[in-house]
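The values are calculated or read from the model by the stated rules, or taken from the named source; none is laboratory data. These numbers come from a predicted model, not from an experiment. Every residue, glycine as well, gets a Cβ built from its backbone with ideal geometry; the counts of neighbours run over all protein chains shown.
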Number of protein chains: 2
Amino acid sequence: MAQKIGAHTVRLHTPPFVAAHAGLAGRKEREGPLGTRFDKTFDNARLGKKTWEEAEQTLLQNALALALKKLPSAAAKPEMIFAGDLQNQCTASSFAFRQSGLPFCGLYGACSTMALTLAMAALAVESGAIRCAAAVTGSHFCTAERQFRKPLEYGGQRTPTAQWTVTGAGAAILAANGTRNDPRITHLHFGTITDLGVTDGANMGAAMAPAAARTVAGLLRDTRTSPRDYDLILTGDLGFVGSELLLELLRREGFDLAGVHNDCGKLIFDREKQDVHAGGSGCGCSASVLCSHIFDEMRRGAFRRVLFAATGALLSATSALQGAAIPGIAHAVVIEGGERMTAQ
Amino acid sequence: MAQKIGAHTVRLHTPPFVAAHAGLAGRKEREGPLGTRFDKTFDNARLGKKTWEEAEQTLLQNALALALKKLPSAAAKPEMIFAGDLQNQCTASSFAFRQSGLPFCGLYGACSTMALTLAMAALAVESGAIRCAAAVTGSHFCTAERQFRKPLEYGGQRTPTAQWTVTGAGAAILAANGTRNDPRITHLHFGTITDLGVTDGANMGAAMAPAAARTVAGLLRDTRTSPRDYDLILTGDLGFVGSELLLELLRREGFDLAGVHNDCGKLIFDREKQDVHAGGSGCGCSASVLCSHIFDEMRRGAFRRVLFAATGALLSATSALQGAAIPGIAHAVVIEGGERMTAQ
């Protein structure tokens, strides 16, 4: 049974297991600090396909296929796919899984999609509706760049606050049954859209930080936990600028995240050597980092309790051209190692 | 508790109540056969806003506000919003509800969104995570036309199989508690993406009919019901062409829907007088029809058990230009009148 605690957090009484997971990425990501941690990387941005859009579909397909491969052969197989992405009308995920033969729930949370798909999949498993579900998302630098910003051939200059869309994807298989070693999803926190009027599409960290602060503070209050109750508070892709703002906003609310916070957008690239300005972004950023590096570290016991809050900037090229502000959202899940299940 | 029955259908043991609902539409829809059934209609396509995109946001906001107004004052209020739409990156719904202060789950199912939001909201309420949720979607002729097809000023000729995107929206409030008179959501069926290779964006009925047939047949088999167990099998927006294909496809599978089937895209416009070719479409088509006309008829006892299967064409302008086929999906819910709760 699921139960609401506090204002907006949901506690799962029989936390679903992360039975298998896979994170993959492109060449630039392989050259970053987590390069060896991904389950698979690709040399070519096209992945042998005719278009970048098809390449992005292939990334998602590969992420799910690799996760499924790691699933113990006797384990339950996914009965449903929860997925979403940044392409207009979420075509990367719907095209990727049109041959899957599985019921499909399309979700849109921009770069917060990994947390949103995990949360909805966990809720569906916990409800008893299904025994096993897949949560998948990803992004591609080239499709995002030309859809949201400029044709790649234009070679436009990037501002210092701009982030670099990750070419990558992640998939996690959630199941009602699992092993002691599997991480488990214990709490969900669906984000509230937060719009403080930021209009600079090249500073999405600033647009998303207030939503992230709201979600992290809300979850900590609802669960009556403090930052030091977590081994890691991991945000989605605030990057360097947004992360600093998050820490500042949370300090004002009485939460000190120093030493316990990190951000997938900071982890995935080397700021000095890779010319990515404010860090990584895109659905594939937190998806690839969580579903390879983080879950792997949890399995080996390095992290026992992780608060994962993925952040999304809910803009479109049209809304940007119309001068609208950029609403942010952050969805979060608490993930615990098999032997430490003590949160409220 | 939710429980899977058959291959892909979920049965809700304590079916959430449709505690309140509202459907609204534009001027062309008011001139159609259901004109007097909508809770509100608008004369001007801009709704007094600067852009059509903003007008679409206002439609969604109005739908939710009107539904909330009808909620008994002592009733639980929504703790979460499930919404989606056709605009790139679903900006109609995220912009519409950025001031709501409520947790937000963005869903993408193209024109199947009304069924998808209802199904996910019902699952969340049934799981115990929340006591009350809002399911909202809508569409706008002008934003869809320019985003998916041509600038409106171009005045392009429409083919006979083309459908007309409805300007309208619908909202339903699902709650764990309700009155005997409230319709209830008893079964969910998440659709499987189905792609038979139709590439004609001006014949979306044909692209979606196979997905609709798969969902309706699947649900009937899983629940061991026959078409005559329903007072109405209502598809989303197959329109005239797609509806004919659906009946033919289901006949081949041994299901005769003659006399029990109707389609929101057929109901909303007068084919002879309104020059809409193959009928209505868009998220707002099934949303406005279900949340006004259909739920109202259920309340007065005219329909006691309705199978509502909303259909979506999962294309984008980019996928169309790249020559890709149009994958279809159909999500379904079974809705029963308060006194007839006898399905398996």
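Of note, A:ALA278 satisfies the criterion of being in contact with a helix residue (DSSP H, G or I) (Cβ under 8 Å, 6 or more places away or on another chain) and in a loop (DSSP other than H, G, I, E, B).
In the set (1) within 13 Å of chain A (Cβ to nearest Cβ); (2) surrounded by fewer than 24 Cβ atoms within 10 Å (Cβ to Cβ); (3) touching a Lys or Arg at 6+ places or on another chain (Cβ under 9 Å), B:ALA129 fails one condition alone, (2).
Kindly indicate the residue of the stretch B:258-275 that is outside any loop (DSSP other than H, G, I, E, B) and of a type in the set (A, V, I, L, M, F, W, C) and also surrounded by the fewest Cβ atoms within 10 Å (Cβ to Cβ) among those meeting that condition. Residue satisfying both the conditions and the ranking: B:LEU267. Answer yes if at least one residue in the stretch A:293-313 is among the aromatic types (Phe, Trp, Tyr), in contact with an Asp or Glu (Cβ under 8 Å, 6 or more places away or on another chain), at pLDDT 95 or above and in a loop (DSSP other than H, G, I, E, B), and no otherwise. Scanning the stretch A:293-313 turns up at least one residue that is among the aromatic types (Phe, Trp, Tyr), in contact with an Asp or Glu (Cβ under 8 Å, 6 or more places away or on another chain), at pLDDT 95 or above and in a loop (DSSP other than H, G, I, E, B). Mind checking whether some residue in the stretch A:189-198 is part of a loop (DSSP other than H, G, I, E, B), under 16 Å from the mean Cα position of the chain (by Cα) and within 14 Å of chain B (Cβ to nearest Cβ)? Yes, there is a match, as at least one residue in the stretch A:189-198 is part of a loop (DSSP other than H, G, I, E, B), under 16 Å from the mean Cα position of the chain (by Cα) and within 14 Å of chain B (Cβ to nearest Cβ). On the given criteria, is A:GLY106 modelled with pLDDT of 95 or more and surrounded by fewer than 24 Cβ atoms within 10 Å (Cβ to Cβ)? Taking the combined requirement at face value, the residue does not satisfy it.
Assess whether A:LEU86 counts as being in contact with a Gly (Cβ under 9 Å, 6 or more places away or on another chain), at the interface with chain B (Cβ under 9 Å from one of its Cβ atoms) and either of a type in the set (Asp, Glu) or crowded, with 24+ Cβ neighbours inside 10 Å (or both). Yes; evaluated as a whole, the condition is true for this residue. A residue that is surrounded by 24 or more Cβ atoms within 10 Å (Cβ to Cβ), without any contact (Cβ under 8 Å) to a residue 60 or more places away in the chain and within 26 Å of A:GLY301 (Cα to Cα) occurs somewhere in the stretch A:135-143. Does A:PHE255 satisfy the criteria of being assigned to a loop (DSSP other than H, G, I, E, B), without any contact (Cβ under 8 Å) to a residue 40 or more places away in the chain and away from every other protein chain (no Cβ under 14 Å)? The answer is yes for A:PHE255. All conditions in (1) of a type outside the set (Lys, Arg); (2) surrounded by fewer than 24 Cβ atoms within 10 Å (Cβ to Cβ); (3) more than 7 Å from every other protein chain (Cβ to nearest Cβ) hold for B:SER93, with the sole exception of (2). Tell me yes or no: at least one residue of the stretch A:47-56 is within 14 Å of chain B (Cβ to nearest Cβ), buried (at least 16 other Cβ atoms within 10 Å of the Cβ), of a type in the set (A, V, I, L, M) and more than 22 Å from A:ALA133 (Cα to Cα). Taking every residue of the stretch A:47-56 in turn, at least one turns out to be within 14 Å of chain B (Cβ to nearest Cβ), buried (at least 16 other Cβ atoms within 10 Å of the Cβ), of a type in the set (A, V, I, L, M) and more than 22 Å from A:ALA133 (Cα to Cα). Of all the numbered requirements in (1) touching a Cys at 6+ places or on another chain (Cβ under 7 Å); (2) away from chain B (no Cβ under 14 Å), A:GLN157 misses one, and that requirement is (1). B:GLU79 passes every criterion in (1) within 9 Å of chain A (Cβ to nearest Cβ); (2) surrounded by 22 or more Cβ atoms within 10 Å (Cβ to Cβ); (3) closer than 30 Å to A:LEU102 by Cβ apart from (2). Within the stretch A:151-173, the residues that satisfy the criterion of being assigned to a loop (DSSP other than H, G, I, E, B) and within 15 Å of A:LYS40 (Cα to Cα) are A:VAL166, A:THR167.
The residues on offer are A:LEU219, A:LEU234, A:LEU245, A:LEU249, and the sole one that is more than 15 Å from the chain's Cα centre (by Cα) and buried (at least 24 other Cβ atoms within 10 Å of the Cβ) is A:LEU219. Screening A:ASN181 on (1) more than 9 Å from chain B (Cβ to nearest Cβ); (2) out of contact with any Ser or Thr (no Cβ under 9 Å at 6 or more places or on another chain); (3) at pLDDT 95 or above shows it passes everything except condition (3).
Only residues that are in contact with a Lys or Arg (Cβ under 9 Å, 6 or more places away or on another chain) and among the aliphatic types (A, V, I, L, M) were counted across the stretch A:238-258, and they come to 4. Beta carbons closer than 7 Å, at least 6 apart along the sequence or on distinct chains, pair a first residue in the stretch B:98-126 that is facing chain A (nearest Cβ under 7 Å) and without any contact (Cβ under 8 Å) to a residue 24 or more places away in the chain with a second that is of a type in the set (D, E, K, R) and surrounded by fewer than 24 Cβ atoms within 10 Å (Cβ to Cβ) for B:ARG98/A:ASP195. Confirm whether A:PHE42 is away from chain B (no Cβ under 14 Å) and in contact with a strand residue (DSSP E or B) (Cβ under 7 Å, 6 or more places away or on another chain). No, not satisfied.
Here's the yes/no breakdown for (1) in contact with a strand residue (DSSP E or B) (Cβ under 8 Å, 6 or more places away or on another chain); (2) of a type in the set (Phe, Trp, Tyr):
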| residue | (1), (2) |
| --- | --- |
| A:PHE95 | no, yes |
| A:SER100 | yes, no |
| A:GLY106 | yes, no |
| A:ALA121 | yes, no |
| A:ILE130 | yes, no |
| A:CYS142 | no, no |
| A:LEU152 | no, no |
| A:ALA162 | no, no |
| A:THR167 | yes, no |
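The condition of being of a type in the set (A, V, I, L, M, F, W, C), within 13 Å of chain A (Cβ to nearest Cβ) and part of a loop (DSSP other than H, G, I, E, B) holds for B:ALA325. Just wondering, is there one or more residues in the stretch A:2-13 that are crowded, with 23+ Cβ neighbours inside 10 Å and under 30 Å from B:GLN322 (Cα atoms)? No, that holds for no residue.
Would you pick out the residues in the stretch B:109-157 that are over 22 Å from the mean Cα position of the chain (by Cα) and at pLDDT 95 or above? The answer is B:SER127, B:GLY128, B:ALA129, B:ILE130, B:ARG131.
When each of A:SER316, A:SER292 is tested for being buried (at least 18 other Cβ atoms within 10 Å of the Cβ) and within 27 Å of B:GLN87 (Cα to Cα), the lone residue that passes is A:SER316.
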